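Below: one structure, written as structure tokens.
The values are calculated or read from the model by the stated rules, or taken from the named source; none is laboratory data. All figures in this text were calculated on a predicted structure; none of them were measured in a lab. FYI the Cβ positions are ideal-geometry reconstructions off the backbone, even for glycines, and counts take in every protein chain you see.
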Amino acid sequence: MAAYRYKAIDRTGRPARGKLDAANEVDLELRLKKMGLDLIIARPVRSQGASISGGSIKRQDLITFCFDLEQVSRAGIPLIEGLRDLREGMENPRFREILTSVLEDIEGGKTLSQSLNAFPRVFNTVFVSLIRAGELSGTLTEVFENLGATLKWQDELVSQTRRLLVYPSLVFVVVTGVMVFLLLYLVPQVTQLLKTMGLELPIQTRILIWLSNFTAAWWPVLLVMPVITAVVITFMVRTRPRSRYLFDYAILHLPVTGEILQKIILARFANFFALMYRSGITILEAVKTSEDIVANRVIADGLRRAGQQINAGESMSEAFQNLGMFPPLVIRMLRVGETTGALDTALMNVTYFYNRDVRDSVDKALKLLEPTLTLVLGGMLALILFSVLTPVYDVIGKLKL
């Protein structure tokens, strides 16, 4: 198929633009008709793979998708009719294109999970695996309900993480700007005044003057070096597995945020693991799939070792205990679930435990970070001002004498 860029209008006359694969312009027009669009103009473009396999699909779109299909399944509406209605009401044009392709695949005899699997950048492995398990077990309604709840929880998690990082970043940028201004503008002026008076300068003032001269002489290097360092680290992390492992290890051991980040990753793992297990996916398959979910090589390596131990005959609680990443309460809950045969309930308790723990940890970190950053960065500014003003006060004191 060729890729086409098109301009069309919907039934209300609003313009719509996008990119879509089609055999020819007639096929393109038919595909747009199914999406509720009338083609105005189209031009072929050079194809670079599947044109709708990725793109700006927001999490809110997936939440809407899960909620609507949950209601469709619960009401007993045929899946194809439900997908058509969902496509008509979908505001995101790229998602409408994806739903059109999914509908065509289902009409051609594929299952929903097989159709969604053609878009791995939108519907990840866990998403497709859960839907496949729901199709086999006849629990699609529960799967869509759980997926929707999980995506909403992820939204809250992202919001909490941003709250944790935004304030320190803003404070750091503001204080860095003020310090650079003082070093490049205020300190040189005071230094010139002190040199004309021939005063003996205290050690902190001499250090500050040296810092000011160094910053003035090397400011281009100081400005470019962080960017070069970030580019080099990003390149190494993306191209070298060992560098990625060391980077993931480092961010898990950062002060304050490292522990919280580890809890967030384990919370995501516990949530999806419980969801997969309740949908009928085996423990080994769930552990294997979770290695990609956690998005951290250190924890993924631990889960791989846990899967090997489970495969060798150890219980899940023993394997997770050997990792050293889970607190004793979580291990105890898993052991009780294995003993009583209610492992799915135990896993949901683990999910609740981590959800609450992450929420409390983020709130505590925010309360701790704000005064700590204010004190530390305020102290740095006070030290600069003290180093600058001490000789000035000495001069004023001598003038009074």
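So Arg94 ticks every box in (1) among the basic types (Lys, Arg); (2) part of a loop (DSSP other than H, G, I, E, B); (3) touching a residue at least 60 places away in the same chain (Cβ under 8 Å) but one. Which box is left unticked? Result: Arg94 fails condition (2) only.
In the stretch 198-213, which residue that is on the phi < 0 side of the Ramachandran plot and not in a helix (DSSP H, G or I) is surrounded by the fewest Cβ atoms within 10 Å (Cβ to Cβ)? The selected residue is Glu200.
If we scan the stretch 295-306, do we find a residue that is under 18 Å from the mean Cα position of the chain (by Cα) and either within 15 Å of Asp357 (Cβ to Cβ) or among the polar types (S, T, N, Q) (or both)? Among the residues of the stretch 295-306, at least one is under 18 Å from the mean Cα position of the chain (by Cα) and either within 15 Å of Asp357 (Cβ to Cβ) or among the polar types (S, T, N, Q) (or both), which makes the answer yes.
Give the residue that is farthest from Asp21 (Cα to Cα), with candidates limited to residues of the stretch 106-148 that are of a type in the set (D, E, K, R) and free of Cβ contacts under 8 Å to residues at least 60 places away in the same chain. Give the derivation first.
Keep residues of the stretch 106-148 that are of a type in the set (D, E, K, R), which gives 107, 110, 121, 132, 135, 142, 145.
Those left that are additionally free of Cβ contacts under 8 Å to residues at least 60 places away in the same chain: 107, 110, 132, 135.
Values: Glu107: 18, Lys110: 19, Arg132: 26, Glu135: 28 Å.
The residue in question is Glu135.
What helices (runs of 4 or more DSSP H) lie completely within the stretch 254-366 and have 3 or more residues being in contact (Cβ under 8 Å) with a residue 24 or more places away in the chain and farther than 20 Å from Thr161 by Cα? It would help to see each step written out before you state the result.
Details: elements: 257-278, 283-293, 297-311, 316-323, 328-340.
By residue number, 257-278, 283-293, 297-311.
Per the listing Leu184, Leu151, the residue uniquely aliphatic (A, V, I, L, M) and in contact (Cβ under 8 Å) with a residue 40 or more places away in the chain is Leu151. Taken over the stretch 114-165, the residue count meeting the criterion of being over 17 Å from Val102 (Cα atoms), among the basic types (Lys, Arg) and either modelled with pLDDT of 85 or more or crowded, with 16+ Cβ neighbours inside 10 Å (or both) is 1. If we scan the stretch 268-277, do we find a residue that is outside the structural domain of Ala133 (by TED's automatic domain parsing) and exposed (fewer than 11 other Cβ atoms within 10 Å of the Cβ)? Within the stretch 268-277, not a single residue is outside the structural domain of Ala133 (by TED's automatic domain parsing) and exposed (fewer than 11 other Cβ atoms within 10 Å of the Cβ).
Looking at Leu184, Leu208, Leu157, Leu193, can you tell me which residue is under 30 Å from Ser73 (Cβ atoms), outside the structural domain of Val128 (by TED's automatic domain parsing) and of a type outside the set (Val, Ile, Thr)? Walk me through how you get there before you give the answer.
Working: Leu184 fails: under 30 Å from Ser73 (Cβ atoms); Leu208 fails: under 30 Å from Ser73 (Cβ atoms); Leu193 fails: under 30 Å from Ser73 (Cβ atoms).
Leu157 is the lone residue from the list that is under 30 Å from Ser73 (Cβ atoms), outside the structural domain of Val128 (by TED's automatic domain parsing) and of a type outside the set (Val, Ile, Thr).
Working only within the stretch 69-92, note down all residues that are surrounded by 19 or more Cβ atoms within 10 Å (Cβ to Cβ) and not aliphatic (A, V, I, L, M). Listed by number, the residues that qualify are Glu70, Ser73, Arg87.
Quick check on my filter: what residues within the stretch 214-233 are surrounded by 12 or more Cβ atoms within 10 Å (Cβ to Cβ) and either of a type outside the set (Phe, Trp, Tyr) or touching a Lys or Arg at 6+ places or on another chain (Cβ under 9 Å) (or both)?
So in the stretch 214-233, the residues surrounded by 12 or more Cβ atoms within 10 Å (Cβ to Cβ) come out as 214-216, 219, 222, 233.
Scanning the stretch 214-233 gives Thr215, Ala216, Leu222, Ile233.
Search the stretch 367-390 for residues being of a type in the set (Gly, Ala, Ser) and surrounded by 12 or more Cβ atoms within 10 Å (Cβ to Cβ), and hand back the single one that is nearest to Arg163 (Cα to Cα). Within the stretch 367-390, the match that is nearest to Arg163 (Cα to Cα) is Gly378.
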